[in-house]
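Please read the structure below before turning to the comments.
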Amino acid sequence: MADNRHRWYYLGHDRKPVGPLSLEDMLDAWIHGRIDAKTSCALHGADGWTNVGKTPPLDRFAQRIADGKLISYRCKCGNRIIMAASHCGSLARCKNCSTVFLVPDPPGRDEAPASPSTWPRQTEA
């Protein structure tokens, strides 16, 4: 029998299903505002749609996401990593490929990045 634990779907703004997604990708969508607690979601094989904020195991993350206490990072290997925002600025290691990375600040914490026109020019050697 196939493992369906990571086969999540949600209804997009156009009311069309988006997925399949892993649990981490669902949390990433929530953290970045593509979905919210009232968005309809379903696990592959489920009988119907329910709200993200009332669906285990997503429901246990609702308050921490609302409070901005979780961040999402995608490693260069493609692994989606969800961690506490308290780790921002610290070093972490991807469990998939062992890459060490600096945990980024959550979106919106800093000012917008500089536009390419303000970047320092590269000099030719």
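General remarks:
- If the condition is being over 13 Å from Tyr10 (Cα atoms), assigned to a loop (DSSP other than H, G, I, E, B) and out of contact with any Ser or Thr (no Cβ under 8 Å at 6 or more places or on another chain), then region 36-89 contributes Gly45, Asp47, Pro56, Pro57, Asp67, Gly68, Gly78, Asn79, Cys88, Gly89.
- Here is the figure for region 5-33: residues that are surrounded by fewer than 17 Cβ atoms within 10 Å (Cβ to Cβ) and on the phi > 0 side of the Ramachandran plot total 2.
- Matching residues, region 57-110, being over 19 Å from Leu23 (Cβ atoms), loosely packed, with under 12 Cβ neighbours inside 10 Å and of a type in the set (Lys, Arg): Lys76, Arg109
- Total residues in region 6-35, condition in a helix (DSSP H, G or I) and β-branched (Val, Ile, Thr): 1
- When Ala46 is tested against (1) touching a residue at least 12 places away in the same chain (Cβ under 8 Å); (2) farther than 24 Å from Pro106 by Cβ, only condition (1) is not met.
- Residues of region 52-74 that turn out to be touching a Phe, Trp or Tyr at 6+ places or on another chain (Cβ under 7 Å) and either more than 27 Å from Ser40 (Cβ to Cβ) or in contact (Cβ under 8 Å) with a residue 40 or more places away in the chain (or both), as a count: 2
- Any hit, region 34-41, residues being exposed (fewer than 15 other Cβ atoms within 10 Å of the Cβ), on the phi < 0 side of the Ramachandran plot and not charged (D, E, K, R): no
- Enumeration of residues in region 9-34 that are modelled with pLDDT of 95 or more and within 22 Å of Ala84 (Cβ to Cβ): none
The values are calculated or read from the model by the stated rules, or taken from the named source; none is laboratory data. From a predicted model like this one, the values you see are computed outputs, not experimental measurements. Glycine gets a Cβ as well: all are built from the backbone with ideal geometry, and neighbour counts include every protein chain shown.
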